[in-house]
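Trainee: Before I ask anything, let me first share the structure, which is written out below as structure tokens.
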Amino acid sequence: MNPTPQDALNPALATAISDRAFRLYTVLVLRTAGEWTAIPSLAAALGLTPHQVRFPLSELRSQDMVETNRVYETGGNNRKTWRTYVRLPDDAGVVGTHHASEAVA
């Protein structure tokens, strides 16, 4: 049985998270298809800055609704920097069918 958008959003509806955290979770469910997505891409999809995504992301992390991975990689200016990637846990119902780079980039 394929998960519906309602099934995938039920964990967020059952918690007392902020509106911004709910928006972030919704973008992850509907647009990323469970793929790792960089914070700047998510922020752009929400019309926010990467800094404004930090608190909602920490809310979702504290509820075990997302997984994060920090990677030390070379940025656009050839300097090493930490970049944080986010995805839904493997057990979350993923509805979206688009690849993350296509949907959120």
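The values are calculated or read from the model by the stated rules, or taken from the named source; none is laboratory data. Here the structure is a predicted model, which means the values were calculated and not measured. Neighbour counts run over all protein chains shown; Cβ positions are idealised from the backbone, glycine included.
Trainee: Search region 52-105 for residues being of a type in the set (Asp, Glu), surrounded by 10 or more Cβ atoms within 10 Å (Cβ to Cβ) and not in a strand (DSSP E or B), and hand back the single one that is modelled with the highest pLDDT.
Mentor: GLU59
Trainee: Check off (1) touching a residue at least 24 places away in the same chain (Cβ under 8 Å); (2) over 18 Å from ALA33 (Cα atoms) for ALA45 and give me the number that stays unchecked.
Mentor: (2)
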